[in-house]
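Here's the structure, in C-alpha cells; my notes come after.
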Amino acid sequence: MLQNLVNAFQPPPWVVDEIQNRVVLLINHVLSQEPQAQERVRRQHGKTARLVWGRFDLSLTATPAGLLERPLGALKGGVTSSDLTVTLTQTGLPDVLQTVLKGEKPSVNIEGDVLLAAEVAWLVDNLRWDLEDDLARVLGDVPAATLVRSAGLAADGVRTFVARWHPTAPTAAPRATAP
C-alpha cells in the first residue's frame with residue numbers, strides 16, 4: 001500500500017529540483033569535513049555520475065574543489081550525459097528500506113567509467129555524516145550527545161517493535177553505552 005502511495009505521488013518539478021539542490025548541499029557538507037574524500041572527488045574533476053531510482057534521477061559532476069555540483073543540463077530539467085550511471089534495481093521503497101535496515105546495500109546496476117565507479121564505491125563505504133558534531137555546534141556537546149543517543153535508542157525500539165510483527169525484519173543490535 002505504501003508503494004502505491006509513493007507511485008501515485010508526483011511532486012511538482014520545482015520541489016524535486018529544490019530537494020536535489022539540498023541533497024547536493026548535504027553531500028558537499030559531509031565531503032568538506034573529509035580531506036581524503038575531497039581529494040578522491042578532485043581526481044575525478046569534470047566527470048559526471050548519475051543515480052537513477054525509479055523516477056528519481058540525480059546527476060552530479062565533480063568540481064576542481066573536490067565537491068559536487070549538478071550539471072547545467074540537469075538544472076534546466078534535462079537529462080545530461082554521464083560517465084557513470086548507477087541504477088537501483090530494487091524499485092520498491094519498502095524493499096530498499098528493509099535492505100538498508102538489515103545493514104546491507106541495495107542491489108544496483110552500474111554502467112560506465114570503472115575508475116569513477118571505484119571512487120563512488122569508496123565514498124559510499126567510508127563517508128559518514130557526523131550529525132552529533134554538527135548538532136554540537138548549535139546546541140552544545142552534552143545536548144547533542146543526548147539527542148543522538150536518544151534517537152538511536154528510539155530507532156532500536158522501532159526495530160524491535162517491527163521485528164515482533166515482521167519476523168524477517170532486523171532486530172535492534174545492542175548499543176554501546178558511554179562510561
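The values are calculated or read from the model by the stated rules, or taken from the named source; none is laboratory data. Model, not experiment: these values are computed from the prediction. Reconstructed Cβ throughout: ideal geometry from the backbone, glycine too, with neighbour counts over all protein chains shown.
Which of the residues belonging to the range 22-57 are assigned to a strand (DSSP E or B) and of a type in the set (S, T, N, Q)?
Answer for the range 22-57, where residues must be assigned to a strand (DSSP E or B) and of a type in the set (S, T, N, Q): just T48.
Take the conditions (1) among the charged types (D, E, K, R); (2) surrounded by fewer than 12 Cβ atoms within 10 Å (Cβ to Cβ); (3) in contact (Cβ under 8 Å) with a residue 40 or more places away in the chain; (4) in a helix (DSSP H, G or I); E119 misses just one of them, which is (2). Looking across the range 66-84 at every residue that is modelled with pLDDT of 65 or more and in a loop (DSSP other than H, G, I, E, B), the one that is surrounded by the fewest Cβ atoms within 10 Å (Cβ to Cβ) is identified as S81.
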